[in-house]
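Peer 1: Have a look at this one before I ask anything.
Since every read-out is calculated from the coordinates, none of them should be taken as a lab result. On a predicted model such as this, the values are computed, not experimentally measured, just so you know. Because the Cβ atoms are built from the backbone with ideal geometry, glycine has one as well, and the counts that use them run over all protein chains shown.
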Amino acid sequence: MSDERRDLIGDCVHCGFCLPTCPTYVLWGEEMDSPRGRIQLMLQQTEGEPLTPAMTGHFDACLGCMACVTACPSGVQYDKLITETRAMVEQVRPPAGRALRAAVFALFPYRRRLEAAKAPLVGYRWMGSPFRRNLPATVRTLLDLAPAPRRSVRLPAVVPALGRRRARVGMLTGCVQQAFFPGVNAATARVLAAEGCEVVIPPEQGCCGALSRHSGRTAEADKFSADLDRVFADVDALVVNAAGCGSSLKEHGELASRTRDLSEFLVELGPVAPRHPVPVTAAYHDACHLGHAQGVRAQPRALLRAVPGLDLREIPDAEICCGSAGIWNVLNPGPAAELGDRKARDVLSTGASLLVTANPGCLMQIAAAVRRAGASIRLAHTAEVLDASIRGVRP
Amino acid sequence: MTVVDEIAGVPAAAVAEPASTAEVADVVRGAAADELALVVRGAGTRQDWALPPQRLDLIVDLGGVCGLVEHAAGDLVAIVRAGTPLREVQEALRPAGQQLALDEPLPGATVGGTVAVNASGPRRMLYGTVRDLLIGVTVVRADGVVAKAGGKVVKNVAGYDLGKLVAGSYGTLGVITECAFRLHPLPAAARYVSAPAAGPDEAGRAVASVLAAQVVPSALEVDMAAGEGPLTVTALVEGVPAGVDRRAADLRKLLGEETEQAESPPPCWGTYPWAPGDVGIKLTCALSRVPYLLTAAGVTARLHDVPVRVRGSAGTGVLYAGLPGDTDPGVVAGVISDLRAATRAGAGHCVVLTAPPPVRTRVDVWGHVDGLDLMRRVKEQFDPAGTLAPGRFVGGI
Amino acid sequence: MSIGALATAMHSRLAEDQIITDRARLRTYECDGLAHYRVVPGIVLLPRTAEECAAVVRACVAHGVPFVARGSGTGLSGGALPHADGALIVTSQLRAIREVAPQDERAVLEPGVINLQVSKAAAPHGYYYAPDPSSQQICSIGGNVAENSGGAHCLKYGFTANHVTGVQIVTPDGELVRLGGRAPDAPGYDLLGAFVGSEGTLGIATEVTVRLVRLPETVRTLLAAFTGTDAAGAATSAIIAAGVVPAAVEMMDALAIEAAEAAVHCGYPAGAGAVLIVELDGPAAEVEAQFAAVEEFCRAHGAFEIRIAADDAERALFWKGRKSAFAAVGRISPDYIVQDGVIPRTALPQVLTRIGELAREHGVRVANVFHAGDGNLHPLVLFDEAVAGQAERAETVSGAILDICVEHGGSITGEHGVGVDKAKHMPRMYTEADLDTMQLLRCAFDPRGLANPGKVFPTPRLCGEVPGRRKGPNPWHDAGVEVF
């Protein structure tokens, strides 16, 4: 066991400030399902205790939302700790536990496989609920979460800047984003172009590796990010519109220093394209991997507030994860639904008619929960709102 | 035995007049040796309160244990001997622009007596009661051992807060000889704003409107004349002159055109609505039930055809009711029964503080007490021989 | 005493996931916020109702097992340190806000409810819960009751004891008893007042009724930077002497500022040897008049920079530095002790000088954070356990600071409680007779000594014969008195 790991664990002074921001503590109120408790379990492991199934269960239950990192006054690097721990857990995981995870990892990071998986969704949407109930919970969750399939949008390899070229940027299209929210990518490209960017969108780009990394599959993740480094070798910045991808890219590989979240990049660049009114009451939801992991909270709000006619509302208990958390909601359907329901309730309490966020996972999760609550709210990515404002159309 | 004095009609064989905590300890230790029953007396303003002692040998008069021990003006703290009249304490503090923020419903009362019965007045709304202001206490135990709890700093969580335990214990747990209090600055300005109300509901609305506003009164009192007569709602605001002007103006807006303002308190302010020898009752309830309690008092007065006067802190839910001392004990019992039902419905209590002997023997003066079993166990620990004011307190403690 | 038998008994009363017996999970409960005391509990039980909590205590009594209550586990005196052969009863799943009743200025809460959640729930009605410990975002109301928690705003508004009007408790016999309630001044002994701050030695609160306070019309906050703590202390004295009762007066010295800066980037004025945060609240007209005076006092006593919070966001930033100061010290020192002592406020300059001397003599650094308004000091003694002898020296300095507090007529704890950490210091403040008298109360509640044993008192008192249930008839009832 490395001294460094022991030091990282030693940084925790046991103050408990992380507890109220931890989704699993909020759900269950148990120490071992809180960051402070998990760090204690990690300490036991550094002291030579074996990784028992009981322990790994508590590590697996962590959503990796990193709200605790934001909350921690002592600067404990829980993100680092849990990532290392997950890698250790993967090594001792019994074969039975691997099957579902393997199935998920065979699907998500590969866009063409995701595209193919969309077809059965059409059928699922026509199934009556008695049929739905017969499906395993995990599969049902997966299907419930998926938005109505949309036709793919093929993006050109290069989108030229409108007006004077101010930057040459790469654009990450992402696996889930491109498969389920192709409109977001199109909007992102249009907004960037309108703000004077030449947008490079190599069709051969693959997955950023975030899902694999956040689940302890380090080797797989490293391979994905190395591929991206090669593809985006010659751009000023790599602009990412999916929070999970952005946070992972900022931590690993050669692209780390050049990676920017879309909102972060646009605020740094400054606007040139005129905005048209979008008269709507909107609530902005901080995706964990944007707010907690990247510290990007002010920028999207600033961009939205700059849209004429848009009334921006804050969501209560904004720091609590919506329960999406990469593939956590697929692996833990029950608790994820509970977290989703809490978030839906908080979102609906703002009275907003439009929910804006910057992560496809959150959009799917909250949309499903709002549907369960029998309510409705329109959903949009920040890029789509900006695109609508610049183009002068309704989002 | 030679009767030299009495407490609530019960004769005592001797009166001790110690002049210090050490002397009190000597007296109590001596009494304990012979298992003599003793009752403490301060100024004697409330000797007819609660129940008479079941037995009494010795009165311990604390009039000689008096004076200010320390006034740390910069720390807003004072230590006072128990036998000191409250008024003397205030006079000693006034030059420093400070006060012990306790009202004095019965003039002449001592510090120790006020603590022992947990007496409070209108300004409890802002400053709290004895339990909120007492930061340290010296007590002589039933066995004569001197013990202190708390200290002379406002903030202190070391050990149990025995000050709260003895506050309101009617001398049944020990003899309080010294008290340390948190002080408050004397306000630069004060204003009493009064308005009439046609009935309990209107008074209730006035009270609710003041509570919901931002005037932060130091007191919010209601006074209902006997026979459901006219009511008066009075708010006291204290502070800097400009602030008091503004808040008084706000109160005027809330309470209507007929308000009267004064710099000194209206008549009867902060006094109990009864005279010596009358029946005095304390009524408490959840804040929102004050109008209901006033109505119930009016109804029961009419029903039993007795004048019931009610006065008290509408801003905290602590009211006092008075009945003439010559009311038939059976009628008093009926009134108490009604009031007790009303306070119970309002999540509060109805306690007969004082009453003539024929009434006291007829009614359960304390009413229902939660945690009585625990209280008995506390008494057993502090006074196993039962020599301190036996029988005066709840459940025959 | 047998944990095994208790566990078996509990399986028939609680669900599987409310009982923790495996060592890895038990160890996550081995300490509270004071992490250098660690004891693995024999069993952890997580009741979800008051009745379950009472059943757990009754089972403990039946099996002679000591029990310790724990809320969020944020206490700083080791009050929730488990007993190795005992049960740890965790109230974190008893967390419903039963009622918010603004018309009665009350809220009814389960003990696991988080302090800050109460204010959040009351805010839409224009009310809040005043006691605000620095850990208010996570500490539980049940824990606040046990410790009589304070906070920055207690200067004006008082402590937990002044804001709790009723509790339902499980007595150490396992009985559910109500003390106090929604109305003030319940008849009988003020057992509620004695219970608040009894650190889990008199029972476990299962429901708490608190007073809600009207949100103030105006809140004005200023941050004043001074060259040193003496000047800041003098400014504080001047404010208090003028008859101003601020909602809060908080002071931090240079080292504490450095830590807070490192942790939360609060942007306090550069080069400050001390900062003072002064907050006034109340009716606008009062606050405006007094705020001007406060500003003037700060300037007159040498404040070289005064910032006035322009909005809630800036106010929050002022407070963020202060409220995260304890944990933030972790950024500038590998190890540290958070001390909690009280002195008469006017003794501040002498005491700070003495603390400075002590630190130099023993070669450790001390950062000071305090509630300057009421003289509650929080010296943070910094050390590095890896350096031989430093931990012992830090411990010495920390203990000596308490001696200084007692010498000046103060207290060994203003808000963190005695717990396991300061039980040994109690005889410095109280005589044997004082402590013996306090324990009379404990014997009345807990003659078997099963509720949080080993805390608060340096030595337990023998309670003599354990009384049975004695619910004797009221003698007045026998006397033919009419009872209603």
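Peer 1: Assuming a ≥ b ≥ c are the square roots of the Cα gyration tensor eigenvalues, decide whether chain C counts as rounded (a/c under 1.5), prolate (otherwise, with a/b larger than b/c) or oblate. Mind dumping the intermediate values first?
Peer 2: Details: a/c = 1.84, a/b = 1.44, b/c = 1.28.
It is prolate, given that a/c is not under 1.5 and a/b is the larger ratio.
Peer 1: Sort A:263, B:20, A:257 by Cβ crowding within 10 Å, fewest neighbours at the top.
Peer 2: Values: A:263 26, B:20 13, A:257 10.
Going from least to most buried by this count: A:257, B:20, A:263.
Peer 1: To continue, here is another question. Below 8 Å, C-alpha to C-alpha, sequence gap of six or more: please give me the relative contact order for the stretch A:291-395 in percent. Mind dumping the intermediate values first?
Peer 2: Working: 108 pairs, mean separation 25.8, N = 105.
Over the stretch A:291-395, the number comes to 25 percent.
Peer 1: I'd like the mean, over residues of C:25-34, of how many other protein chain beta carbons sit within 10 Å of each residue's own Cβ. Each step should come with its number before you reach the end.
Peer 2: Numbers: counts 12, 2, 9, 15, 5, 4, 2, 2, 6, 2.
Mean partner shielding for this stretch: 6.
Peer 1: A further question on this structure: Is the stretch B:246-384 best put as rounded, prolate or oblate by its Cα gyration tensor, with a ≥ b ≥ c the root eigenvalues, rounded for a/c under 1.5, and otherwise prolate when a/b is larger than b/c, oblate when not?
Peer 2: Values: a/c = 1.99, a/b = 1.51, b/c = 1.32.
Here the stretch B:246-384 falls in the prolate category.
Peer 1: If you don't mind, another one. Can you give the extra length, in nm with one decimal, that the chain gains between residue C:353 and residue C:310 once fully stretched, where that is 0.36 nm per residue apart less the Cα-Cα distance?
Peer 2: Details: separation 43, 0.36 × 43 = 15.48 nm, distance 3.48 nm.
Between residue C:353 and residue C:310, full extension yields 12.0 nm more.
Peer 1: What is the distance in Å between the Cα centres of the stretch C:247-308 and the stretch A:283-300?
Peer 2: What the calculation gives is 31 Å, centre to centre.
Peer 1: Can you give the net charge of the other residues whose Cβ lies under 13 Å from the Cβ of residue C:105, counting K and R as +1 and D and E as -1?
Peer 2: Values: positive: B:289, C:106, C:182, C:211, C:214; negative: C:99, C:104.
Taking every Cβ under 13 Å from that of residue C:105, the sum is +3.
Peer 1: Which residue, B:92, B:37, B:342, has the most motion in a Gaussian network model of chain B that connects Cα atoms within less than 10 Å?
Peer 2: Most flexible of the set in this elastic network: B:92.
Peer 1: Find me the longest stretch of chain C that has none of the exposed trypsin sites (Lys or Arg not before Pro), where exposed means in a DSSP loop (not H, G, I, E or B) with at most 10 other Cβ atoms within 10 Å. Walk me through the intermediate numbers first.
Peer 2: On the way: sites that count: C:469, C:470, C:471.
Here the longest segment lacking exposed loop sites spans C:1-468.
Peer 1: Near the amide H of residue C:130, under 5 Å away, which other amide H atoms are found, from residues 5 or more places off or on another chain, if H is placed in the peptide plane?
Peer 2: The list, which skips near neighbours in sequence, is C:213.
Peer 1: Determine, from the Cβ-Cβ distance of residue C:11 and residue A:91 and an R0 of 25 Å, the FRET efficiency 1/(1 + (r/R0)^6), rounded to the nearest 0.05. Provide the component values of the computation, followed by the final result.
Peer 2: Working: r = 35 Å, r/R0 = 1.38.
After rounding to 0.05, the efficiency reads 0.15.
Peer 1: Once you place label points 7 Å from the Cα toward the Cβ at residue C:178 and residue A:345, how far apart are they in nm?
Peer 2: Simple spin-label model gives 2.7 nm for this pair.
Peer 1: Which one of B:165, B:255, B:173 has the biggest mean-square fluctuation once chain B is modelled by GNM with Cα springs under 10 Å?
Peer 2: In this elastic network of chain B, the residue with the biggest mean-square fluctuation among B:165, B:255, B:173 is B:165.
Peer 1: A further question on this structure: Straight-line reach from residue C:320: which lysines fall under 22 Å, measuring Cα to Cα and dropping same-chain residues less than 8 apart?
Peer 2: In chain and number order, the partners are C:120, C:156.
Peer 1: Mean residue ellipticity at 222 nm from the helices of chain B, using -39,500 (n - 2.57) per DSSP H segment of n ≥ 4 over the full residue count, to the nearest 500 deg cm²/dmol? Show your work: numbers first, answer last.
Peer 2: On the way: 12 runs with 116 residues, N = 397.
Calculated from helices alone, the mean residue ellipticity at 222 nm is -8500 deg cm²/dmol.
Peer 1: Ok, one more. Describe numerically, in nm with one decimal, the distance between label points set 7 Å from Cα along Cα→Cβ at residue A:2 and at residue B:252.
Peer 2: It works out to 7.5 nm between the two label points.
Peer 1: Given a cut-off of under 8 Å on Cα pairs at least six residues apart, what relative contact order in percent is computed for chain B? Can you show the working numbers first?
Peer 2: On the way: 925 pairs, mean separation 67.0, N = 397.
It comes to 17 percent, rounded to a whole number.
Peer 1: Per residue of C:407-415, count partner chain C-beta atoms within 10 Å of its C-beta, then hand back the mean as an integer.
Peer 2: Values: counts 0, 2, 9, 6, 12, 5, 5, 6, 3.
Rounded to a whole number, the mean comes out at 5.
Peer 1: On each of the three principal axes of the Cα atoms of chain B, give max minus min coordinate, whole Å, ordered largest first.
Peer 2: 66, 55, 34
Peer 1: When C:431, B:259, B:114 are ordered from fewest to most other Cβ atoms inside 10 Å of their Cβ, what list results?
Peer 2: Details: C:431 13, B:259 19, B:114 30.
Starting with the residue having the fewest Cβ neighbours, the order is C:431, B:259, B:114.
Peer 1: Ignore the peptide's own chain and count Cβ atoms of other chains within 10 Å of each Cβ in C:339-351; give me the average, rounded. Kindly include the intermediate steps, with their values, before the conclusion.
Peer 2: Working: counts 0, 2, 4, 8, 3, 9, 8, 6, 4, 0, 0, 0, 0.
Shielding by partners across C:339-351 averages 3.
Peer 1: Hey, another quick one. Under 30 Å Cα-Cα from residue C:424, which lysines qualify once same-chain neighbours fewer than 8 residues away are excluded?
Peer 2: Once the sequence-local lysines are set aside, what remains near residue C:424 is B:148, B:152, B:155, B:164, B:379, C:323, C:455.
Peer 1: Distance in nm between label sites at residue A:305 and residue A:154, each 7 Å beyond Cα in the beta-carbon direction?
Peer 2: With each label placed 7 Å out from Cα toward Cβ, I get 4.3 nm.
Peer 1: In the neighborhood of residue C:153, defined by Cβ-to-Cβ distances under 9 Å, what is the net charge if each Lys or Arg adds +1 and each Asp or Glu adds -1?
Peer 2: Numbers: positive: C:156; negative: C:132, C:279, C:281.
With Lys, Arg at +1 and Asp, Glu at -1, the net is -2.
Peer 1: OK, next. Would you mind calculating the gained length between residue B:17 and residue B:143 on full extension (0.36 nm times residue separation, minus the Cα-Cα distance), in nm to one decimal?
Peer 2: Result: 43.6 nm gained on full extension.
Peer 1: Taking every DSSP beta bridge with both residues inside the protein assembly as shown, roughly what % is antiparallel (nearest 5)? Mind showing how you got there, number by number?
Peer 2: Working: 126 of 165 bridges.
That works out to approximately 75 percent antiparallel.
Peer 1: Roughly how big is the stretch C:4-122's charge dipole about its Cα centre, with Cβ charges of +1 (Lys, Arg) and -1 (Asp, Glu), in debye to the nearest 20?
Peer 2: Details: 12 positive and 12 negative charges, 39 e Å.
Computed charge dipole of the stretch C:4-122: roughly 180 debye.
Peer 1: Could you give the distance between the Cα centres of the stretch B:225-298 and the stretch A:14-93, to the whole Å?
Peer 2: Spelled out, the Cα-based centre of one part sits 58 Å from the other.
Peer 1: Just check the stretch A:250-395 against the gyration tensor rule for me: Cα atoms, a ≥ b ≥ c as the square roots of the eigenvalues, rounded for a/c under 1.5, and otherwise prolate or oblate depending on whether a/b exceeds b/c.
Peer 2: Working: a/c = 2.19, a/b = 1.18, b/c = 1.86.
Oblate, since a/c reaches 1.5 and b/c is not below a/b.
Peer 1: Helix B:21-33 versus the longest principal axis of chain B: what is the Cα-based angle in degrees, 0 to 90, to the nearest 10?
Peer 2: 60 degrees
Peer 1: Hey, another quick one. In angstroms, what radius of gyration and Dmax does the protein assembly as shown have, counting Cα atoms only?
Peer 2: Taking only Cα atoms of the protein assembly as shown, I get Rg and Dmax of 33.5, 115 Å.
Peer 1: Where the centroid of each part is defined by its Cα atoms, how far is the stretch A:345-393 from the stretch C:383-414 in Å?
Peer 2: The stretch A:345-393 and the stretch C:383-414 have Cα centres spaced 54 Å from each other.
Peer 1: If you don't mind, there's one more thing I want to ask. Over chain C, calculate the relative contact order: mean separation of alpha carbon pairs under 8 Å at least 6 apart, over the residue count, as a percent. Numbers along the way, then the final one.
Peer 2: Working: 1046 pairs, mean separation 66.1, N = 484.
Once normalised by length, the contact order is 14 percent.
Peer 1: By counting other Cβ atoms within 10 Å of each Cβ, how are C:57, C:90, B:335 ranked from fewest to most?
Peer 2: On the way: C:57 30, C:90 27, B:335 24.
The most exposed by this proxy come first: B:335, C:90, C:57.
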